[in-house]
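A.B. asks: Structure below; questions to follow.
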Amino acid sequence: MASPAELPASFADTRDALQRVAVHIVARARNQAGAHSIGLRVAPGGFGTPDFGPDVTRVRVSGGLLLREVGGPDTVTSVATEIDGATLVQLAQVAGVDLAADLDVGHDTPPVGDVDEPLHVDVAAARALAGWYATTNAALDHVVAAVDAEASPTLVQLWPEHFDAALDLAVAPGIRVNLGGSPGDGFSAEPYLYVGPWTADRPGDSDFWNAPFGAVLGYEALAAEPDPVAAAASFFLAGIGRFRG
């Protein structure tokens, strides 16, 4: 994971551009194929859809590329295009989606905007974003391996509405929490991890609960750790532990 000093100045702009791609190209591809779902997955180099459709199709972003892959496991046809300098119209043609069709992924859905305006995506920033998702995903895998069956963790999904990679699990009977990583938003300009209880309960040390929606661990603090994945998993487990005594 890059240190905060290594985050490109273009990180926020690239993140916002890629969120538009995530919503209006990648999630739309899965939704329009009949899945009626917009949940995405962390993927090598970025994010993408799970397999969908009779031909086993995937649409994903890897670094600065948009890819549409069809087929498998023996034969895969792949079409790729650079996102930087491309328009949403051009990307829609690659992904095979209809930008005119209605799509709502929640109250924070980014507007489709000018579909003929070229997008600006810095590859270094896109790779930093992918690294953040990979760190979050790996830490959540550690958590899932550490909890018992009663936790009933959900699958890690990347929700395009907020652009977070997250899951939820039970920490006590009738109480679930969200665990995830945001690449930055209106709450924090820098990426952060969070523990978000579904209830108003905030057990244990009050200093841990440092956000209106629960607890957060910022990018700078995490990047200072010798093992960011282990530190991220410890943060998540600390939140769970406060409910379990």
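A.B. asks: (1) touching a strand residue (DSSP E or B) at 6+ places or on another chain (Cβ under 9 Å); (2) closer than 22 Å to D98 by Cβ; (3) open to solvent by 10 Å² or more (accessible area, probe 1.4 Å): which one isn't true of N31, the others all being true?
C.D. replies: (1)
A.B. asks: Would you mind telling me which numbered condition in (1) closer than 23 Å to L169 by Cα; (2) open to solvent by 60 Å² or more (accessible area, probe 1.4 Å) Q93 fails?
C.D. replies: In the conditions (1) closer than 23 Å to L169 by Cα; (2) open to solvent by 60 Å² or more (accessible area, probe 1.4 Å), Q93 misses (1) alone.
A.B. asks: Additional query: Based on this model, can you work out whether V42 counts as open to solvent by 10 Å² or more (accessible area, probe 1.4 Å), in a strand (DSSP E or B), out of contact with any helix residue (DSSP H, G or I) (no Cβ under 8 Å at 6 or more places or on another chain) and not basic (K, R)?
C.D. replies: Here the answer is no, as V42 does not meet what is asked.
A.B. asks: Conditions first: (1) touching a Ser or Thr at 6+ places or on another chain (Cβ under 8 Å); (2) farther than 11 Å from A29 by Cα. R58 passes all but one, so which condition is the exception?
C.D. replies: (2)
A.B. asks: Determine, yes or no, whether G85 is more than 28 Å from A166 (Cα to Cα), touching a residue at least 24 places away in the same chain (Cβ under 8 Å) and over 21 Å from the mean Cα position of the chain (by Cα). Before the answer, list the steps.
C.D. replies: On the way: more than 28 Å from A166 (Cα to Cα): yes; touching a residue at least 24 places away in the same chain (Cβ under 8 Å): yes; over 21 Å from the mean Cα position of the chain (by Cα): yes.
Yes: the conditions hold for G85.
A.B. asks: Filter segment 189-234 down to the residues that are polar (S, T, N, Q) and at pLDDT below 95 and list them by number.
C.D. replies: Within segment 189-234, S206 is the sole residue that qualifies.
A.B. asks: Is it true that G53 is within 22 Å of A128 (Cα to Cα) and touching a helix residue (DSSP H, G or I) at 6+ places or on another chain (Cβ under 9 Å)? Before the answer, list the steps.
C.D. replies: Working: within 22 Å of A128 (Cα to Cα): no; touching a helix residue (DSSP H, G or I) at 6+ places or on another chain (Cβ under 9 Å): yes.
No; evaluated as a whole, the condition is false for this residue.
A.B. asks: Filter segment 63-83 for residues that are open to solvent by 80 Å² or more (accessible area, probe 1.4 Å) and outside any strand (DSSP E or B); which is farthest from V26 (Cα to Cα)?
C.D. replies: My answer is D74.
A.B. asks: Within segment 203-217, take every residue that is aromatic (F, W, Y) and touching a residue at least 12 places away in the same chain (Cβ under 8 Å) and give me the one that is farthest from F11 (Cα to Cα). Full working, then the answer.
C.D. replies: Taking segment 203-217 as the starting set, the residues that turn out to be aromatic (F, W, Y) are 208-209, 213.
Right, trim to touching a residue at least 12 places away in the same chain (Cβ under 8 Å) and you get 208, 213.
Working: F208: 28, F213: 25 Å.
Per the criteria, the residue is F208.
A.B. asks: Just the residues that are surrounded by fewer than 20 Cβ atoms within 10 Å (Cβ to Cβ), touching a Gly at 6+ places or on another chain (Cβ under 9 Å) and touching a residue at least 60 places away in the same chain (Cβ under 8 Å), please, taken from segment 175-198.
C.D. replies: Passing the criteria: only E190.
A.B. asks: In segment 85-132, which residues are of a type in the set (V, I, T) and in contact with a His (Cβ under 7 Å, 6 or more places away or on another chain)?
C.D. replies: If the condition is that a residue be of a type in the set (V, I, T) and in contact with a His (Cβ under 7 Å, 6 or more places away or on another chain), then V112 is the only one that fits.
A.B. asks: Test each condition in (1) at pLDDT 95 or above; (2) farther than 16 Å from G45 by Cβ; (3) surrounded by 14 or more Cβ atoms within 10 Å (Cβ to Cβ) for V121 and report the one that comes out false.
C.D. replies: All conditions are met except number (2).
A.B. asks: Can you give me the number of residues within segment 141-162 that are under 30 Å from H24 (Cβ atoms), outside any strand (DSSP E or B) and modelled with pLDDT of 95 or more?
C.D. replies: Within segment 141-162, residues that are under 30 Å from H24 (Cβ atoms), outside any strand (DSSP E or B) and modelled with pLDDT of 95 or more number 5.
A.B. asks: Condition check: at pLDDT 95 or above and either in a helix (DSSP H, G or I) or open to solvent by less than 40 Å² (accessible area, probe 1.4 Å) (or both). Does A17 satisfy that?
C.D. replies: It is true that A17 is at pLDDT 95 or above and either in a helix (DSSP H, G or I) or open to solvent by less than 40 Å² (accessible area, probe 1.4 Å) (or both).
A.B. asks: So if I check each of A170, A189, A200, which one is more than 26 Å from D13 (Cα to Cα) and not in a strand (DSSP E or B)?
C.D. replies: A200
The values are calculated or read from the model by the stated rules, or taken from the named source; none is laboratory data. Computed from a predicted structure; not experimentally measured. Neighbour counts run over all protein chains shown; Cβ positions are idealised from the backbone, glycine included. Keep in mind that these areas ignore ligands, DNA and RNA; they rest on the heavy atoms of the full protein, side chains included. Shrake-Rupley method; radii C 1.70, N 1.55, O 1.52, S 1.80 Å.
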